[in-house]
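Novice: I have a structure here, written as structure tokens, and I will follow up with some questions on it.
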Amino acid sequence: MESLARTVTTSRPAFARQFKEVVGHTPLAYLSRVRIDLAARLLRDTDNPIGDIAQAVGFRSEFAFSRAFSREQGIAPGRYRRTASVPS
């Protein structure tokens, strides 16, 4: 975030404040949402192991990913994969 603030020649707090005003979320909350959305797509569209998906979207452990995914989606990644891949 520091480099983004420097790029637009503003302070980090001012950048974060303006980002939230424009986007509706803090930069970190926005990044978290983007990572979880990408993970959801990978869970739906690939057979990659959950640990590999966790690492691909920037989590250091499958456990941390599972907690974040469950918090954001309201469902565990494995269960999400099983229900998302069931034909309608």
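Novice: Given the residues 19, 15, which is the only one that is over 30 Å from residue 84 (Cα atoms) and in contact with a Leu (Cβ under 7 Å, 6 or more places away or on another chain)?
Specialist: Numbers: 19 fails: in contact with a Leu (Cβ under 7 Å, 6 or more places away or on another chain).
Only one candidate passes the filter, namely 15.
Novice: If a residue must be touching a residue at least 12 places away in the same chain (Cβ under 8 Å) and hydroxyl-bearing (Ser, Thr, Tyr), how many such residues does segment 14-47 contain?
Specialist: Of the residues in that region, 1 qualify.
Novice: Ok, one more. Taking into account only those residues within segment 39-88 that are at pLDDT 95 or above and among the hydroxyl-bearing types (Ser, Thr, Tyr), which is farthest from residue 25 (Cα to Cα)?
Specialist: Top of the filtered list is 46.
Novice: Limited to segment 49-66, what total is found for residues that are surrounded by 14 or more Cβ atoms within 10 Å (Cβ to Cβ) and either of a type in the set (Phe, Trp, Tyr) or closer than 15 Å to residue 78 by Cβ (or both)?
Specialist: Total satisfying the criteria: 8.
Novice: Sticking with this one: Assuming residue 25 fulfils every condition listed in (1) in a loop (DSSP other than H, G, I, E, B); (2) loosely packed, with under 13 Cβ neighbours inside 10 Å apart from one, which condition is it?
Specialist: Status for residue 25: all satisfied but (2).
The values are calculated or read from the model by the stated rules, or taken from the named source; none is laboratory data. The structure displayed is predicted, hence computed values, not measured ones. No Cβ is skipped: glycine too gets one built from the backbone with ideal geometry, and neighbour counts run over all protein chains shown.
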